[in-house]
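The values are calculated or read from the model by the stated rules, or taken from the named source; none is laboratory data. The shown structure was predicted, so the numbers you read here are calculated from the model rather than taken from an experiment. All Cβ positions, glycine included, derive from the backbone under ideal geometry; neighbour counts span all protein chains shown.
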Amino acid sequence: MIKKISRTEAINDRLKKEEKVTTLDKKEHIDAIVLMNEQLDAVRREYRMKDRNSQNTAAQVILS
Amino acid sequence: MSISKYIVPKSEACELIKQLLFEEFHLNDGSLDVLYERSIKPHFDVLRDDIYFLAETNYVDRVYRDSYYYYYSSKLNSYKRNCIKISIFDGEIDDDDFFDNVKYKILQDRYLGFYVLRPTSPYIIGRSVISPKALKIPGMRTCTAIFNTTSNGLNFQVNGFPHSSQDTETISCAETSLWAVMEYFGNKYPYYEPVMPSEIIEKLNDISFERQVPSKGLNIQQISYALKKFGFGTKIYSSGEYRDEFEKLLSCYVESGIPLIVAMENKTGSIRHALLVVGREIINADAFDTLQPYVPQNLFLQKIMTTRNIVICDHDGLRKSFVFIDDNRPVYQMATLADPAVHYGGDWCDCRITYFIAPLYPKIYLEAFEARNYVISFLISGPQPIANNQEIILKVYLASSRSYKNELATNASFIEDLKYLVMEAEMPKFIWVAEISTKELIKQGQANGLVIVDATEPNIHFNKPLILAIYEGNLLTLDGNFCKLQRKSVHLPSFSIYEHNLNAFE
């Protein structure tokens, strides 16, 4: 008989049995994730501006 | 027409080279001293004194031959087609050693690279690959690839980074940097191919409004465009835009084992030069005591870090020398980012790095600025933030998931259960890895936390790029079915950090 080997499944099953697995879906977790999303969005806007300006100014610099 | 060969110790290299330049390239007897002193001697001066040279005449160098047929042969002045190849060996060699099987195997271990001398006076030094082991003072971690070559008709291999001086007509510093990047990637990974100078010129024809030869250099956008055409997903970073983050981003890519093309300019703009950064000095453990706390530009993160008394020291903020490949200088020049032209003098001394181009694998969609910010945000403000009142050292770098897993599998210091979880985790070709450490642990080359992020996932909402994170007794992963974050209580003892991106030469 062909035997499937997945150490991950075995470890996860063991951790579940030992009640060592928690899902982070309480309100405080979701709030933290949503706030993190907003902050990451702000950084992304900043990044896009830096990225665009880097490209534009790069056209003026001739290296020889 | 036969190939002549000569074997001399380094101490007699000057006499030999002058003789060869006179006999093979028919260079004027009166100019040989100046030519050797200015163009060739500096390259040999950085080599160990016990090096032996094997010179061969009538060498067909593919890079010079390309320039020759594309450009030099169309001139009235007659240029030679052939080059001189100088192979270098660790210690004394004898011609008979090459034809004795046992001694040949020993010679292979002692082979340290080659220089090609081309008949384009005064820009004589052509293609070279020199092992950092040949240097008087190596002390570096750097990108290297294995190059197959020949010496005295036999096959040899050298582990190094390609270098060439510019000939100023078919290749200026910009084209030379492009060539070196492609030569490195083309020899290291089957996905890329080395390119010849004429291919670089041809690729840029569509976006050039003037003739391409004689070369007047390239602008940074043209360099980036050429790299894109050669198969990279390039990114351009400007010091004026990224300010305090600029040097950290450059360091982050270097730690990722990615050679960067950098632009160096002086204040008046009279000097604008392209060169490569390919590695850095070996860091002394005491240097970590000088690491300054990282202040994120994001005010929200700054506030949380202050309130909760968390100090993050950014490994990329460490003051260190980098390894430069500069076509005006001998290979592997060490300099800091604050003073990159320290070896020049004159008008060059106020030069600064103003841009760098990162030649990324095209499917790395999450670049360094956002990846670093994501990791820091996750650790500081995520659903399972790190504990209050502590100082951590964070090192963020790109790695190939294959190399990372391979190193992890053989890392005896990594706890078994977690090793299996990481090894069996589904990963893209490239991952961002953040190693969390303390000043005491990092001095011993150890870390005690890890965040692995998907480099193909630019959608940073709801922790989508997170593959796994392990720190402070918790393993965090996304539940496969519902994309919910799961926390598993698992203790991770300290483990050896990953240092496979750069090769050490001590």
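Scan segment B:432-452 and tell me whether some residue there is out of contact with any His (no Cβ under 7 Å at 6 or more places or on another chain) and farther than 24 Å from B:Cys313 by Cβ. No; the residues of segment B:432-452 include none that is out of contact with any His (no Cβ under 7 Å at 6 or more places or on another chain) and farther than 24 Å from B:Cys313 by Cβ.
For segment B:223-238, does any single residue satisfy the condition of being within 12 Å of another protein chain (Cβ to nearest Cβ), within 30 Å of B:Ile452 (Cβ to Cβ), aromatic (Phe, Trp, Tyr) and surrounded by 18 or more Cβ atoms within 10 Å (Cβ to Cβ)? Looking through segment B:223-238, at least one residue is within 12 Å of another protein chain (Cβ to nearest Cβ), within 30 Å of B:Ile452 (Cβ to Cβ), aromatic (Phe, Trp, Tyr) and surrounded by 18 or more Cβ atoms within 10 Å (Cβ to Cβ). When B:Glu435, B:Glu440 are screened for being free of Cβ contacts under 8 Å to residues at least 24 places away in the same chain, within 20 Å of B:Asn388 (Cα to Cα), more than 12 Å from every other protein chain (Cβ to nearest Cβ) and out of contact with any Cys (no Cβ under 9 Å at 6 or more places or on another chain), only B:Glu440 passes.
Filtered by the rule that a residue be modelled with pLDDT under 95 and either surrounded by 19 or more Cβ atoms within 10 Å (Cβ to Cβ) or within 22 Å of B:His500 (Cβ to Cβ) (or both), segment B:137-153 gives B:Pro138, B:Gly139. Checked against (1) crowded, with 17+ Cβ neighbours inside 10 Å; (2) at pLDDT below 95, B:Tyr52 passes all but condition (2).
Just give me the residues in segment B:223-243 being more than 16 Å from A:Asn53 (Cα to Cα) and not basic (Lys, Arg), in sequence order. Correct list: B:Ile223, B:Tyr225, B:Ala226, B:Leu227, B:Phe230, B:Gly231, B:Phe232, B:Gly233.
For the residues B:Lys405, B:Lys395, B:Lys488, the requirement of being touching a residue at least 60 places away in the same chain (Cβ under 8 Å) and either touching a strand residue (DSSP E or B) at 6+ places or on another chain (Cβ under 6 Å) or away from chain A (no Cβ under 11 Å) (or both) singles out B:Lys395.
Kindly indicate whether any position in segment B:351-367 is in contact with a strand residue (DSSP E or B) (Cβ under 6 Å, 6 or more places away or on another chain) and at positive phi. No: segment B:351-367 contains no residue that is in contact with a strand residue (DSSP E or B) (Cβ under 6 Å, 6 or more places away or on another chain) and at positive phi.
Is segment B:275-286 home to any residue that is within 14 Å of chain A (Cβ to nearest Cβ) and under 15 Å from B:Met334 (Cβ atoms)?
First pass over segment B:275-286, keeping only residues within 14 Å of chain A (Cβ to nearest Cβ): B:275-276.
Pick out the ones that are also under 15 Å from B:Met334 (Cβ atoms) and you get B:275-276.
Taking every residue of segment B:275-286 in turn, at least one turns out to be within 14 Å of chain A (Cβ to nearest Cβ) and under 15 Å from B:Met334 (Cβ atoms).
Yes/no matrix, rows are residues, columns are (1) more than 18 Å from B:Ile236 (Cα to Cα); (2) touching a residue at least 40 places away in the same chain (Cβ under 8 Å); (3) within 7 Å of another protein chain (Cβ to nearest Cβ):
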position	(1), (2), (3)
A:Ile33	yes, no, yes
A:Arg48	no, no, no
A:Ala59	no, no, yes
A:Leu63	no, no, yes
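For segment B:491-506, the set of residues classified as within 14 Å of chain A (Cβ to nearest Cβ) and surrounded by fewer than 16 Cβ atoms within 10 Å (Cβ to Cβ) consists of B:His491 only. Exactly one condition in (1) of a type outside the set (Asp, Glu); (2) away from chain A (no Cβ under 13 Å); (3) more than 29 Å from B:Cys143 (Cβ to Cβ); (4) assigned to a loop (DSSP other than H, G, I, E, B) is not met by B:Ser270; state its number. B:Ser270 satisfies every listed condition except (2).
Taken over segment B:446-461, the criterion of being within 14 Å of chain A (Cβ to nearest Cβ) and more than 23 Å from B:Phe495 (Cα to Cα) is satisfied by B:Glu457, B:Pro458, B:Asn459, B:Ile460, B:His461.
Residues are listed down the side, and each one gets a yes or a no for (1) more than 7 Å from every other protein chain (Cβ to nearest Cβ); (2) aliphatic (A, V, I, L, M); (3) farther than 30 Å from B:Tyr242 by Cβ:
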position: A:Lys3; (1), (2), (3): yes, no, yes
position: A:Arg7; (1), (2), (3): no, no, yes
position: A:Ile11; (1), (2), (3): no, yes, yes
position: A:Leu15; (1), (2), (3): no, yes, yes
position: A:Thr23; (1), (2), (3): no, no, yes
position: A:Lys26; (1), (2), (3): yes, no, yes
position: A:His29; (1), (2), (3): no, no, yes
position: A:Asp41; (1), (2), (3): yes, no, no
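For segment B:61-76: of the residues being under 27 Å from the mean Cα position of the chain (by Cα) and of a type outside the set (Asp, Glu), which is surrounded by the fewest Cβ atoms within 10 Å (Cβ to Cβ)?
Per the stated criteria, the residue is B:Arg62.
Screening the candidates B:Leu178, B:Leu260, B:Leu250 for the property of being more than 9 Å from every other protein chain (Cβ to nearest Cβ), in contact with a helix residue (DSSP H, G or I) (Cβ under 6 Å, 6 or more places away or on another chain) and within 21 Å of B:Leu398 (Cα to Cα) yields one hit, B:Leu260. Checked against the criterion of being in the same structural domain as B:Leu117 (by TED's automatic domain parsing) and more than 22 Å from B:Asn152 (Cα to Cα), the candidates B:Leu35, B:Leu16 yield just one match: B:Leu35. The residue that is surrounded by the fewest Cβ atoms within 10 Å (Cβ to Cβ), among those in segment B:439-462 that are at pLDDT 95 or above and among the β-branched types (Val, Ile, Thr), is B:Thr456. Given the residues B:Glu265, B:Glu255, which is the only one that is within 10 Å of another protein chain (Cβ to nearest Cβ), buried (at least 19 other Cβ atoms within 10 Å of the Cβ) and charged (D, E, K, R)? B:Glu265 is the lone residue from the list that is within 10 Å of another protein chain (Cβ to nearest Cβ), buried (at least 19 other Cβ atoms within 10 Å of the Cβ) and charged (D, E, K, R).
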